[in-house]
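Trainee: One structure, as structure tokens, below. Some questions next.
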Amino acid sequence: MKEQSPLGQAVGGARRAIHQVGRLGAAVGTRLGLDRRQEDLPPGTAAGIEHAYDLSQAPTEGSVLVRCFDYGADKVVETQVTALEPFLSAQKPEWAAVRWVNIDGLHPQVVDAFRQRFGFHTLAAEDVMHLSQRPRVEVYPEHLYIAARMVGVQGEGGFRSEQVSFFLFDGILLTFQEAPGDVFDPIRQRLRTEGSRIRARNASFLTYALLDAIVDHCFPLMERYADVLEDLEVEVMKNSTPDVLQQVLNIKKELTAMRRVVWPMRELFDALQRSEFFSESIAPFLRDVHTHTIQLVDILETLRESTSGLVDLYMSMVSNRMNEVMKVLTVIATLFIPMTFIAGVYGMNFKYLPELEWTYSYPLFWGVCISMSAGLLWFFRRRGWI
């Protein structure tokens, strides 16, 4: 098997990105055995998770992972939940200022169990299961629902995008993810570190920290796209083939999909700054993340313009190459026009052509042809046409 170049690996990873964005939700749903009935329901059916899914079907073992962090300024307890019902029936410890429950893997029965325990709205629970939510904020009397999309670099050649749903209560934060694996490990490490600022703050500050991690992990992906586009620019200059153009168009499409993820995040943080669930002390942090989202949008627009520039460059290179081919063909045709004229004159079927009887007619014919061709070549070069 032919070894793939670093450029090919980078481009291949970028080309796989859009497929992960579009197919991750369906793959997760298939793996967990979900009864996705929402698409089959007729228009006008009552909304809510209890009407869209079969809540009697239990999840398969290991398909849903629940991890809980109970922490305060002086103590933190991390728990891997093995039995869901006893955990939901238990109360948060009195010493814990914040409880963060993270659910990896979506199943309607599990989501509904949390809904019944914490009382968030059935429409919000239904939105947790619908994996194509636009990043947004929904304010309810007792809690705040946040739909965000988490984009992170995965391995050496791709990225993944998944929906993350936040339910913020007073002292409690619930996060629902599509599958295990996220960008929150630095936050967990900060929670385990004694004396960290995050342990001294409330649940809304934890929500900010998680959202900030989601935004920050977009920057390495943008840098990777920038590197790929730089390599593609060199490739376009060297080898303007349809395959290279297809790679550029694929990246442009992927960047457009990324823009649909990042652009609404600006509105999300703008809404959070006006929310009563976040105190004035957290407002500067939210403004900082809001600035980061604006920077991401600017980078995305610059990268999209770069892809458009690469398409124009490709068209220019193809046009220049065609012009070079046409120039060579024109020169060759011009050189043979005088020869064709002479050969046509002396190829006529007249009986009396004086030169046909000359002894040196044939050498003279070639001498005239070569002299005219050489003269034309000298003239073309003198004018700078070749």
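Trainee: Return the sequence-ordered ³J(HN,Hα) values of region 113-121 in whole Hz as given by the Karplus equation 6.51 cos²θ - 1.76 cosθ + 1.60 applied to θ = phi - 60°, using x for Gly and Pro.
Mentor: Running phi through 6.51 cos²θ - 1.76 cosθ + 1.60 with θ = phi - 60° gives 5, 5, 4, 5, 6, 9, x, 7, 5 Hz.
Trainee: Next question. Taking the chain as a Gaussian network, Cα atoms linked when under 10 Å apart, which of Leu131, Leu313, Leu364 shows the biggest mean-square fluctuation?
Mentor: Among Leu131, Leu313, Leu364, the largest mean-square fluctuation in the Gaussian network model of the chain belongs to Leu364.
Trainee: Given q = 0.16, 0.22 Å⁻¹, what are the Debye log10 I(q)/I(0) values for region 62-138, with equal point scatterers placed on the Cα positions and solvent ignored?
Mentor: Normalising to I(0) and taking log10 leaves -0.68, -1.12.
Trainee: Oh, and also: Can you give the Rg to Rh ratio of region 280-320, both from alpha-carbon atoms, with Rh computed by the Kirkwood formula? Intermediate results must be reported in sequence, preceding the final value.
Mentor: Values: Rg = 18.0 Å, Rh = 12.5 Å.
My calculation of the ratio gives 1.44.
Trainee: In a GNM of the chain with a 10 Å cut-off on Cα contacts, which of Asp74, Asp170, Asp104 has the highest mean-square fluctuation?
Mentor: Asp74
Trainee: Something else now. Which residues make up the longest stretch of the chain that has no trypsin sites (Lys or Arg not before Pro) in a DSSP loop with at most 11 other Cβ atoms within 10 Å? Write out the running numbers ahead of the final one.
Mentor: Numbers: sites that count: Lys2, Arg274, Lys351, Arg383.
So the longest stretch without any such site is 3-273.
Trainee: Also, I was wondering about something else. Apply 1/(1 + (r/R0)^6) to the Cβ-Cβ distance of Asp312 and Arg383, taking R0 = 35 Å, and write down the FRET efficiency to the nearest 0.05. Display every interim value, and only then the final one.
Mentor: On the way: r = 30 Å, r/R0 = 0.85.
FRET efficiency, Asp312 to Arg383: 0.70.
Trainee: Related question: Hand me the tally of lysine pairs in the chain: alpha carbons under 21 angstrom apart, and the pair either on different chains or 8 or more positions apart. List each step's numbers first, then the result.
Mentor: On the way: Lys2/Lys238; Lys75/Lys92; Lys238/Lys252; Lys238/Lys327.
For the chain, the number of qualifying lysine pairs is 4.
Trainee: Report the Cα centroid-to-centroid distance between region 340-386 and region 72-91 in angstrom, as an integer.
Mentor: 99 Å
Trainee: Normalized C-alpha radius of gyration of region 293-373, against 2.2 N^0.38 Å? Intermediate results must be reported in sequence, preceding the final value.
Mentor: Details: Rg = 27.7 Å, N = 81, 2.2 N^0.38 = 11.7 Å.
My calculation over the Cα atoms of region 293-373 gives 2.37.
Trainee: Follow-up. ³J(HN,Hα) across region 233-248 via Karplus (A = 6.51, B = -1.76, C = 1.60, θ = phi - 60°), whole Hz, x for Gly/Pro?
Mentor: 4, 5, 5, 5, 5, 8, 9, 8, 9, x, 5, 5, 4, 5, 5, 5
Trainee: Continuing with the same structure: So what's region 328-382 giving for Cα Rg divided by 2.2 N^0.38 Å, two decimals?
Mentor: For region 328-382, the normalised Cα radius of gyration is 1.32.
Trainee: How fast does the chain diffuse by Stokes-Einstein, in µm²/s, taking the Kirkwood radius from C-alpha pairs at 10 °C and 1.306 mPa s?
Mentor: Numbers: Rh = 25.8 Å.
Estimated via Stokes-Einstein, D reaches 61 µm²/s.
Trainee: Of Leu123, Met372, Ala96, whose Cα points farthest to the positive end of the dipole of the chain (charges on the beta-carbon: +1 Lys, Arg; -1 Asp, Glu; origin at the Cα centre)?
Mentor: The Cα lying farthest towards the positive end belongs to Met372.
Trainee: Still on this model: With the chain treated as a Gaussian network of Cα nodes joined by springs under 10 Å, which of Val331, Val66, Val311 yields the largest mean-square fluctuation?
Mentor: Val331
Trainee: What is the distance, in nm, between label points placed 7 Å from the Cα along the Cα-to-Cβ direction at Thr291 and at Leu356?
Mentor: Going from the Thr291 label point to the Leu356 one covers 9.4 nm.
Computed from the coordinates by the stated procedures, all read-outs in this text should not be read as laboratory data. Source: prediction; values computed, not measured. Virtual Cβ from ideal backbone geometry, glycine too; neighbours counted across all protein chains shown.
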